[in-house]
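Worksheet: one structure, shown below.
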Amino acid sequence: MEFKTKAMASLLEQASIDNELRSKFVQFLNEFLESNKLHVSLLDNAMEMITAFDNKKRILYWNKATQQDLNMALKDVIGKEITEVFPATQSNGFIDIIDRVLDGEEINISKRAYLHKDGYYEARMTPMRDKNGEIIGGINYIRDITDKIKNEEKIEKTAALLAETQQLARIGVFEWVLKTDELYWSDEMYNIFGLDAKTVKVTPAFYLSLLFSDNDKASANEFYLNAKNNTELKPINFSRVAKRADGSKVFIYGSASYITDDTGKPVRITGFVQDITEKTIVEKELEESRYFAQQIAAASPHILYVFDINKKKNIYVNREVASVLGYTPEEINANSDILKKIIHPKDLNNAFAFLADFANADIKDNEVKSYEYKAMDANGKWRYLNTRNMVFKRDDNGRPIQIIGSVQDVTDLKQVEEDLITLNAELKRSNEDLEQFAYVASHDLKEPLRMISSYAQLLIRYVPQEDETAKLYAGFIKDGVATINRLIDDLLQYSRVGAKDKVYARVNCNQVLSEIKESLAIKLDETDTTIEYNELPEIQGIKVLVKQLFQNLIENAIKFSGNNVPHIKIACEDLAENYRFTVKDNGIGIAPEYFERIFKIFQRLHTKDKHPGSGIGLAVCRKIVDIHQGNIWLQSSPGQGSTFYFTIAKNIS
């Protein structure tokens, strides 16, 4: 077969192909050009990559675009099988597609990645037939769509970014076509109103039903008509409390603009809606917090203020300043020299030095500083004030520029402290006088008692032996004197408890009980008394008094054991602020109505002949516990024994 162009004839001469293949190629090209009424130069210079292959999958032709893309000359590949030139086609399914084309199928490939470079192409592969309709090969038209795909990807990314931005900002966009009354929403519009885009078809009427309540349909209709008939074409801005699909409220802000045609007639309305529910709630809470703070400041019994370090003046002070100092907040804020005017000269330098310390960037936000000073009120009276301050605001460099503080009027407290100091001094002198009085009184009382006792003994000696009555009366006198002596000794003992300087030290309670058992050894042995206790703590106290406390309670338990063999159990519980001791016995017990009475001095529940004593032991116990900043009480019932409780403070002030 004769080829119609010299150029192609020359190309075939250079290619080492057999006559059969040469004939097929000439046949293909001539018939292809003739059927498509194309000149070979148009085919060769086409922008698309065009290739042809015979029914044995051998390359017959490709144009210049293909040569440039693959960087292979046609003369080097013509007549070679496709799999020889492109081995990858055996595994990537391309050969299967060629087989389908050779079977008569026309195939379109919409998007496929290149094997030899980055990018994408689309292709159309059709069978190549001779004049008799027999398939002699195939033609592949390849178009590079890399730029198109990249642009589509950019558009998709932009759309995704826009959707994400709308979701983050809670902004939805809409378009209203005025002529057809069609409404289009972005995905976020559906999210804002809690709707499912797949099941809900939005219309302007439906949209307005969300913006206006059922009782306000007239306003919705008016809004609709104004939007459609707006001749001024001004932007529409609106803030509404709308409703979601579930009936809950959503606070929205919206804006819309008109889009006109070439004649200036509005054809569409485009706009956005932003869900400002969270912002509205935060603003409302912030406003409530601000109001709450204002109410607290107004109701505070202390002066509250904000001081500007750079301006060296107050920029805020509450109304309490008028109650304390007699100045209005306006007077305090307006006068930068007010502090110099009212603060006592001796405190002025310290006050400003204190405020200057807050200019230090190292001070922490939660660090509270306080100081005390004297200030003169509007009536010329000096007031004692205590102020507490902390950083309120910093500049961009982290340096404090404002402090917030509170001022408490402690004038009355100062007076109470001074009065207390005076009273303590007087009480100390009084105690010393009482101690001296008790000593002198006991000494002076005992002298005549000794005299009475001596004369009573003389009476007994000189009274005739047969005068039993006189001897009886003399015995009464002697016993009465002995009783008065014991009372004087007990009273002196009670007055001396804690009267001396209170020196507290560590006291080992186990050692104290060991000493008590040693000193009471004879009594314990005579009464078969057992004292049970586990390891007791070491406490802070006055050892001699702690020993007297335990000993009094133990001796009481023995004295009031009744017919039982005394058994005393001592324990201690370690509490947060103190130690709580228990002293439990198996004695005769005490009725509840006497629980308070037994701790009073000289109070007895039994006669002297049944249970001798002056009734001072438990009164001394209470006084010792008071000195150790604790409490003493009991639980008991007649015949059931008694449990005495007392506490000793861990940190005695």
Per-residue SASA entry for Lys374, accessible area with 1.4 Å probe, Å² rounded to 10: 50 Å²
Links exceeding 18 Å between C-alpha atoms in this model, out of Lys313/Lys393; Lys340/Lys369; Lys56/Lys80; Lys584/Lys623; Lys249/Lys284, come to Lys340/Lys369; Lys584/Lys623
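The values are calculated or read from the model by the stated rules, or taken from the named source; none is laboratory data. Worth saying up front: this structure is predicted, and the values here are computed from it rather than measured. Ligands, DNA and RNA are excluded from the accessible area calculation, which covers all protein heavy atoms including side chains. Shrake-Rupley method; radii C 1.70, N 1.55, O 1.52, S 1.80 Å.
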